[in-house]
Each structure stands twice: as C-alpha cells, then as structure tokens.
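The values are calculated or read from the model by the stated rules, or taken from the named source; none is laboratory data. Predicted model, so just to flag it, every value in this text is computed and none were measured. When the accessible area is computed, the model is the full protein with side chains, heavy atoms only, and any ligands, DNA or RNA have been set aside. Shrake-Rupley method; radii C 1.70, N 1.55, O 1.52, S 1.80 Å.
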Amino acid sequence: MDHRLLEIVACPVCNGKLYYNNAQQELICKPDGLAFPVRDGIPVLLENEARTLSVEEIHP
C-alpha cells in the first residue's frame, strides 16, 4: 500500500483516519470498528463491503 495514498484516504463512514493492516490486506477504522478490504492494491471503501472488527481487534 502506497503511503501517499494512506495520507489522503479516509473512512467513508466517519471521515476518520484509516490504518493499513498488511497481514490481512485491510484498511482499519477503529472508531467505527470496520475493516475495508484491499483487493489487487485497490482499497474498497464501501460500507457494505467492510467487515466488523471484533472487540479483540479494536482493543488488543
């Protein structure tokens, strides 16, 4: 994931900062508890494509 892209993308739900999880190829929004997939290097920033994070993932 390009670091320049991470500087400009935002959560589509709250407009907050997203964090990249390299192991799972996801962009994480902790305030909303959502993980957006990255497919073939392209972030899929659609709320209906996001998965809900578990409590352990939000507060490790």
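Roll a 1.4 Å probe over the protein heavy atoms and report the accessible area of C14 in Å², nearest 10.
60
Let me have the relative contact order for the chain, percent, based on Cα pairs under 8 Å that are six or more residues apart.
Over the chain, the number comes to 23 percent.
Which order do L27, L5 take by accessible area at a 1.4 Å probe, largest first?
Listed by decreasing accessible area, they come as L5, L27.
On full extension of the chain, what length is gained from A10 through E47, given 0.36 nm per residue of separation minus the C-alpha to C-alpha distance?
12.1 nm
Just check the chain against the gyration tensor rule for me: Cα atoms, a ≥ b ≥ c as the square roots of the eigenvalues, rounded for a/c under 1.5, and otherwise prolate or oblate depending on whether a/b exceeds b/c.
rounded
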